[in-house]
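Visitor: Take a look at the following structure, please.
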Amino acid sequence: MAEHTDTTTTPRSGHPIEALLATGLDDLKGLADVPTWSMDAATTTRVVALAARVAAGVAEVEARAISQASVLDLPGAAQCRDTARWIQRTTGVTRRTARAKVKLAEACTDLEPTRAATARGHRRL
């Protein structure tokens, strides 16, 4: 079972999704102490919109990974009663958040246009 960690290491699998996420996390750590007070109104508006698009794209990748975890029966292998419990244990989120993540994964699986739009960071179809 994977364990929650705050450190990134070079991806062992070499999978492009894992590599991108590890690099992105490392890049985000570099922004942790960058102040926002120097952003003007236009920059602030663009940053909020860009952050929302990036978050939507990451949520879609996470949803596909959650679906894959179910296909691989990772919850069963970890002796979790369901996928939400496995997500909770793996990531440290609340039960409510874990259930919402499962619901999004199911919606993305069932609704390809929604999944594709979310992957591109679109807010609407």
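What follows is calculated from the coordinates using simple rules that are stated; it is not laboratory data. Note that this is a predicted model, so its numbers are computed, not measured. Here Cβ is always computed from backbone atoms with ideal geometry, including for glycine, and neighbour counts include all displayed protein chains.
Visitor: Which residue, THR94, THR36, THR45, tops the fluctuation ranking in a GNM of the chain built on C-alpha contacts under 10 Å?
Guide: THR36
Visitor: Measure nothing fancy, just the Cα-based angle from helix 41-71's long axis to the longest principal axis of the chain, in degrees from 0 to 90, nearest 10.
Guide: The angle comes out at about 10 degrees.
Visitor: Using the Cα centre as the reference, give the magnitude of the dipole from point charges on the C-beta atoms of region 54-125 (Lys, Arg: +1; Asp, Glu: -1; all else neutral), rounded to the nearest 20 debye. If you can, show how the numbers build up before the last one.
Guide: On the way: 13 positive and 7 negative charges, 71 e Å.
Result for region 54-125 is approximately 340 debye, rounded to the nearest 20.
Visitor: Calculate one ³J(HN,Hα) per residue across region 100-110 by plugging θ = phi - 60° into the Karplus curve 6.51 cos²θ - 1.76 cosθ + 1.60, and present them in order as whole Hz with x for glycine and proline.
Guide: Values, residue by residue: 5, 5, 5, 4, 5, 4, 5, 5, 5, 5, 7 Hz.
Visitor: To the nearest 10 degrees, how steeply does helix 16-29 sit against the main Cα axis of the chain, on a 0 to 90 scale?
Guide: 50 degrees
Visitor: Could you point to the residue in VAL47, ALA105, SER13 farthest towards the positive end of region 1-113's charge dipole, with +1 and -1 charges on the Cβ of Lys/Arg and Asp/Glu respectively?
Guide: ALA105
Visitor: Specify, per residue and in Å³, the volume enclosed by the convex hull of the alpha carbon atoms belonging to the chain.
Guide: Normalising the Cα hull of the chain by residue number yields 133 Å³.
Visitor: When TRP37, TRP86 are ordered from fewest to most other Cβ atoms inside 10 Å of their Cβ, what list results?
Guide: Ranked by crowding around the Cβ, least crowded first: TRP37, TRP86.
Visitor: Order of ILE66, ILE17 from fewest to most other C-beta atoms within 10 Å?
Guide: Final ranking by Cβ density, sparse to dense: ILE17, ILE66.
Visitor: Let me ask another. Please report, in debye to the nearest 20, how large the charge dipole of the chain is about its Cα centre when each Lys and Arg carries +1 at its beta carbon and each Asp and Glu carries -1 there.
Guide: Its charge dipole is roughly 460 debye.
Visitor: Order of SER67, SER38 from fewest to most other C-beta atoms within 10 Å?
Guide: SER38, SER67
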